[in-house]
Amino acid sequence: MRLQSKRALITGGASGIGRAICEVFAKEGASIVIGDMDTVGGQETVELVKALGAQVSFIRTDVSKESDVQNLVSETVSELGGIDILVNNAAAFVFGKVEDVSRSDWEKVLGVNVIGPAQMVRYALPYLKLSQAGAIVNMASTASLMAEPTMVPYGSSKGALFQLTKCLAMDLAPDGIRVNSICPGAIYTAATEKHLAFTGFDRDKFLAQCADESLMKRMGEPEEVAFAALFLASDEASFITGAHLVVDGGAIV
Ligand SMILES: NC(=O)c1ccc[n+]([C@@H]2O[C@H](COP(=O)([O-])OP(=O)(O)OC[C@H]3O[C@@H](n4cnc5c(N)ncnc54)[C@H](O)[C@@H]3O)[C@@H](O)[C@H]2O)c1
């Protein structure tokens with residue numbers, strides 16, 4: 001029970017890695033509020049988490065909308081009585097070369113992947129300050145650290161989220177709030193299918209290539225990222241801030 005009596009606000013919990021984080025956090029004793037745009041997936045996660053015996057609720061939220069972020073934070077505080085852990089996991093997957101990307105595409109990807117997390121922190125901050133062990137985990141990517149073809153908007157947004165994490169770690173340390181990021185490599189989720197649809201690559205070849213790029217010769221599971229989030233959110237990481245944890249099976253060593 002590594003998160004016993006901790007109150008966690010998790011974005012993007014309706015699917016993939018975010019759903020796995022909700023399940024792992026619930027098993028470790030956290031109470032949870034999920035903010036996501038996907039109401040159907042959000043309710044599915046709620047049912048999975050309830051079956052584990054944890055307190056959980058879902059608030060439909062677009063993290064790129066300030067009023068939604070404010071509402072999510074205030075609903076979380078009404079439900080849980082405060083916030084100890086914030087996981088900024090929701091993301092928009094906008095791919096392409098620079099000439100393919102419209103201004104509105106840029107506004108979308110930066111709005112969801114960078115400004116959204118920053119606004120989440122802004123509104124959750126008064127409550128994180130009141131926590132005895134405030135922790136923020138931002139879901140960055142190996143795309144924060146290295147370039148890949150036709151990834152200009154997504155990669156730029158994840159690079160910014162990586163640096164946002166370090167800037168926040170510096171400014172929030174005096175309040176006792178730790179801020180870290182996770183950089184997953186290729187993890188099979190709905191996002192993998194979105195990337196496949198964008199590239200038009202042969203599905204089997206693409207998945208085999210993703211697996212081959214890691215030293216472990218396989219793609220990762222969402223739960224393997226969730227355990228990294230668990231560690232960074234827990235008191236076990238009490239002397240870790242401004243750090244990033246790469247979870248990629250050794251793909252970018
Ligand atoms: N899957 C991978 O290989 C991989 C690799 C590196 C990083 N990541 C990161 O992991 C995180 C989770 O991705 P995933 O692979 O589980 O994808 P996913 O598509 O399964 O989950 C993303 C979730 O974010 C939600 N979302 C999207 N836009 C939103 C918005 N504006 N407001 C609120 N919610 C929104 C979606 O509804 C969805 O539930 C993302 O930050 C992603 O960038 C994933």
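The values are calculated or read from the model by the stated rules, or taken from the named source; none is laboratory data. Everything numeric in this text was worked out from a predicted model, so none of it was measured. Heads up, the Cβs are rebuilt from the backbone with ideal geometry, glycines too, and the neighbour counts pull from every protein chain shown. To get the accessible areas, we keep the full protein, side chains included, count just its heavy atoms, and leave off ligands, DNA and RNA. Shrake-Rupley method; radii C 1.70, N 1.55, O 1.52, S 1.80 Å.
Which one of these is farther than 26 Å from I115 by Cβ, among the hydroxyl-bearing types (S, T, Y) and outside any helix (DSSP H, G or I): S57, S5, S64?
Testing whether each residue is farther than 26 Å from I115 by Cβ, among the hydroxyl-bearing types (S, T, Y) and outside any helix (DSSP H, G or I) leaves just S5.
Looking at V63, V98 in this structure, which one is of a type in the set (V, I, T) and more than 10 Å from the ligand (Cβ to nearest atom)?
Just a single option satisfies the conditions, and that option is V98.
Among what's in region 148-195 and is within 19 Å of F239 (Cβ to Cβ) and not in a helix (DSSP H, G or I), pick the residue that is most open to solvent (accessible area, probe 1.4 Å).
G176
Okay, residues lined up against (1) in contact (Cβ under 8 Å) with a residue 60 or more places away in the chain; (2) farther than 19 Å from L168 by Cβ; (3) not aromatic (F, W, Y):
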residue	(1), (2), (3)
R2	yes, yes, yes
K6	yes, yes, yes
E23	yes, yes, yes
K27	no, yes, yes
L72	yes, no, yes
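Residues to consider are A91, A14; find the one that is open to solvent by 20 Å² or more (accessible area, probe 1.4 Å) and not in a helix (DSSP H, G or I).
Checking each option against the conditions leaves just A91.
Looking at V114, V40, V69, V24 in this structure, which one is within 19 Å of N138 (Cβ to Cβ), more than 8 Å from the ligand (Cβ to nearest atom), open to solvent by 20 Å² or more (accessible area, probe 1.4 Å) and assigned to a helix (DSSP H, G or I)?
None of the other options fit; the residue is V114.
If the requirement is being open to solvent by 20 Å² or more (accessible area, probe 1.4 Å), modelled with pLDDT of 95 or more, under 12 Å from the mean Cα position of the chain (by Cα) and of a type in the set (D, E, K, R), which of these qualifies: R7, R19, R2?
Just a single option satisfies the conditions, and that option is R19.
Is it the case, given these coordinates, that E193 is farther than 30 Å from I240 by Cβ, within 9 Å of the ligand (Cβ to nearest atom) and out of contact with any strand residue (DSSP E or B) (no Cβ under 9 Å at 6 or more places or on another chain)?
In short, yes.
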